[in-house]
1. Please sort 87-96, 15-24 by packing, taking for each peptide the average over its residues of neighbouring beta carbons within 10 angstrom, highest first.
2. For n ≥ 4 DSSP H runs only, could you compute -39500 (n - 2.57) per run for the chain, divide by its residues and tell me the 222 nm figure to the nearest 500?
3. What ranking do 72-83, 264-275 get when scored by the average of other Cβ atoms within 10 Å per residue, highest first?
4. Which residues in the stretch 82-106 place their backbone N less than 14 Å from a point set 7 Å from the Cα of residue 149 along the Cα-to-Cβ direction?
5. So if I place +1 on the C-beta of Lys and Arg and -1 on the C-beta of Asp and Glu, and nothing else carries charge, what would the dipole magnitude of the stretch 259-343 be about its Cα centre? I want it in debye, nearest 20.
6. At 7 Å along the Cα-to-beta-carbon direction for both residue 330 and residue 276, put a label point, then send me their distance in nm to one decimal.
7. Return the carbon/sulfur percentage of the accessible area of the chain, one whole number, probe 1.4 Å, all protein chains in place.
8. Pull out the extension gain between residue 74 and residue 40, defined as 0.36 nm times the separation in residues minus the alpha carbon to alpha carbon distance; nm, one decimal.
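The values are calculated or read from the model by the stated rules, or taken from the named source; none is laboratory data. This is a predicted model, so every value here is computed, not measured. We place every Cβ from the backbone using ideal geometry, glycine too, and count neighbours over all the protein chains shown. These area figures cover heavy atoms from the full protein model, side chains too; ligands, DNA and RNA do not enter into them. Shrake-Rupley method; radii C 1.70, N 1.55, O 1.52, S 1.80 Å.
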Amino acid sequence: MSKVTPTSRRKADHIQVTLEKDVHSGLKTGLDGFLFEHTALPELDLHAIETDLEFLGKKLRAPILISSMTGGTAAAAKINRILAEAAQEAGVALGLGSQRVALEQPELTFSFQVRDLAPDILLMANLGAVQLNYGLDVAACKQVVEVIEADALILHLNPLQEALQPEGNVNFSNLLNKIEAVCTHLEVPVIVKEVGWGLSTAVAKQLADVGVTAFDVAGAGGTSWAKVEMHRAKNERQANLAAAFVHWGIPTADALIQIRKALPGVPLIASGGIRTGIDIAKCITLGADMTGVALPFLQQAVQSKQAVSETLESMIDVLRTCMFATGSANCNALKRAKLVPKA
């Protein structure tokens, strides 16, 4: 039986808090500020609409990524395997939670190994970029990719989350050069994402210049890690610090629009408060190639694989119907659909 370390304890805390407490950001995604112009004559057969696409060289049935959430505990292993099985059946992508805990405790690697259940999906490994300042290197990045047979590596940026954790790693200095080294030497694409406060255009440009392949804007409007840490706090001072940042961040729509304008050709994932098929469609029209969804799938995964699958199919049904009602035969056409500011 593996010992409980601060890292694995924190992972368990995060699952419990996000499932049991109000962890929604004080900000909105900004997606509600747009409405699709309805197309009364779509000139399409609903059943012929194609929601599929190719992303990072993998064919997907729909532009959906089950976003990185967890790993490192027995409960997390069960969740990851349920998510992987559902992703395989639905033909969507899956990102795993931070694998740092498995590097610290190799016996926990099993909690991230899902390729046996999902041989065909786009599967993404995950590490915190700041760990490159705390002993991890290119070899460690290669290891987390290889042990789960991943197609890409997510490096997540979470300075505010780390600052709000008493045990946080807060030395983010000189990371850009280390990220560049990972991009140079890794054989799979490197994706950089935030964790719910959004990527700015300036940061995305810096990272694109050093070889980052794709970005997940991970904007504000969904789960607030400030609220998560507020609920985890052991004293009033810690709780007050976290509470001060509940309304912090770049809303998802703003981050997406700005980065797409600045980096027109870069592959983009939009996440942060994406909850419905219409949210997904809006993100595609605003410039995303893919969308990431986390909390709704975590809530279903603790129930059953069937619950996750039903949520996925419902999202795809709504997405397809939205495409029909905007006259969009496929995802490329959806990029050209008309969104108007909500009055």
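1. On the way: 87-96: 23.4, 15-24: 15.0.
Top of the packing list down: 87-96, 15-24.
2. Numbers: 14 runs with 142 residues, N = 343.
Here the helix-only value at 222 nm equals -12000 deg cm²/dmol.
3. On the way: 72-83: 21.1, 264-275: 23.0.
Peptide ranking by packing, descending: 264-275, 72-83.
4. It comes to 85, 88, nothing else.
5. 420 debye
6. Result for the modelled spin labels: 2.8 nm.
7. Solvent-exposed carbon and sulfur of the chain make up 52 percent of the total.
8. The span from residue 74 to residue 40 would gain 7.2 nm if fully extended.
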